[in-house]
Amino acid sequence: MIDVYHDTVGNGCTMELDFAIDRDGLVNKVHADRYRVFGDWIRSCYDSPYEATISGPVLLNGTYNYNITFEKSVTIDRVSVREDITQGQRVRSFSLLSGSTGLEITNGTSIGNRRIKLFEATQVQDLKLSVTAVSAPKLSQIAFFAPC
């Protein structure tokens, strides 16, 4: 279910679970226990992002750049980015770069409601998020998480 979560929710979709109701109108205990474990995993992975200082966007050569700084070096293996889609979906592509080396950590196409990108665990203190968009992006979340 973890892979399905990342393939659906991580790509801006809604994940629907099949709650099989028995003849008494109850969810099977085995299924309820499995859903509870799954919910606990989601909360353990995504409820506590690292605190970071984010500045931007700054438009440079047609790319909107965000600078991200952590108070100390942290190990991350995923980023969650969200657009404020009430303002329209503007992002066409993005790239996350290490601030110290300039090497690309991950990239993707549109963000929309939510995009979760997984990558190799990386120790960082500074990052740069470069965004190509049709107009100034309206990001409602840029969050980084420890491996889980």
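Here are the numbers for this structure:
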item	result
Helix 29-46 vs. the chain, principal-axis angle (Cα, 0 to 90°, nearest 10)	10 degrees
Of all accessible heavy-atom area on the range 73-148, the percent that carbon and sulfur account for (1.4 Å)	43 percent
Surface/4 of the Cα convex hull for the range 93-148, nm²	4.2 nm²
Table column - 3J(HN,Hα) (Hz), the range 69-75, Karplus curve with 6.51, -1.76, 1.60, x for Gly and Pro	10, 9, 4, 9, 5, 10, 9
Within the range 6-60, trypsin sites (Lys or Arg not before Pro) in DSSP loop having at most 11 other beta-carbon neighbours inside 10 Å	Arg23
Label zone at Leu59 (point 7 Å along Cα-to-Cβ), backbone N below 14 Å, the range 69-108	none
Pairs of lysines in the chain (C-alpha under 26 Å apart; 8 or more residues apart or interchain)	5
Percent of Cα pairs exceeding the 19 Å cut-off, where the set is the chain	56 percent
Surface accessible to a 1.4 Å probe, Val74 within the full protein complex, Å²	10 Å²
Ellipticity estimate at 222 nm from DSSP helix runs (n ≥ 4, -39,500 (n - 2.57)) divided over the chain, nearest 500	-5500 deg cm²/dmol
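The values are calculated or read from the model by the stated rules, or taken from the named source; none is laboratory data. Quick caveat: nothing in here was measured; it's all calculated off a predicted structure. Using ideal geometry, Cβ is built from the backbone for each residue, glycine included, and neighbour counts are taken over all protein chains shown. Protein only, heavy atoms only, side chains kept; ligands, DNA and RNA dropped before computing areas. Shrake-Rupley method; radii C 1.70, N 1.55, O 1.52, S 1.80 Å.
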